[in-house]
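Structure first, commentary second.
Read-outs throughout are calculated quantities, based only on the coordinates presented, and are distinct from any laboratory measurement. These figures come from a predicted structure and were not determined experimentally. Here the Cβ positions follow ideal geometry from the backbone for every residue, glycine too, while neighbour counts run over all protein chains shown.
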Amino acid sequence: MIAAFKAAHIAALAVWCAGLILLPVLMHLHGRGEPVRAQAGYARFRRLSHFSYTHVVTPAAVIAVAAGTVLIVMLELVDAWLLAKLVAVAGMVLVHAWLGHLVVQSGEGLGGYRMPPPLIALVLGVPLMLVVLWLVLAKPDLTPLIERMPMFLREPQDRELPPDLVPI
């Protein structure tokens, strides 16, 4: 069972990372040229970017996160490298959401939206992917880094949440 979840996690992660690399390239190369200014070119760009984001990249991200969560629970992982990996994955989720925003704005902006360079997503996303890969393969001992953190971040504070923040 664990092998099946690992296979699903790795396959979905590969598709998600490929999408986080290819979507900015697609948007940069096809979303700024002269053919996009014509209706046929715009429709092709819109179909390509919207379909790849909503039907390929986002489902792969959801499957990768879900399978990874199941693996964490099944293997009872609680190591520092895993927490660092989850922070890097959260960064990848933010890059993913920003790309979704660009896809929506490029399709709904009616020409009035000046799209920022989508290649910024590569500058942010690729290092995060490499950090995740390194953390998973190396499983480094992060104890020296943790020891440098302030004490209030390392120890429980034994305080109740303010009543405004308790949902129940």
Inset, instruction - List the helices (runs of 4 or more DSSP H) that sit entirely inside the range 96-168 and contain at least 3 residues that are farther than 30 Å from HIS28 by Cβ and hydrophobic (A, V, I, L, M, F, W, C). - result: 151-154
Inset, instruction - Please verify whether the range 84-92 includes one or more residues that are buried (at least 16 other Cβ atoms within 10 Å of the Cβ), more than 23 Å from LEU22 (Cα to Cα) and of a type outside the set (D, E, K, R). - result: yes
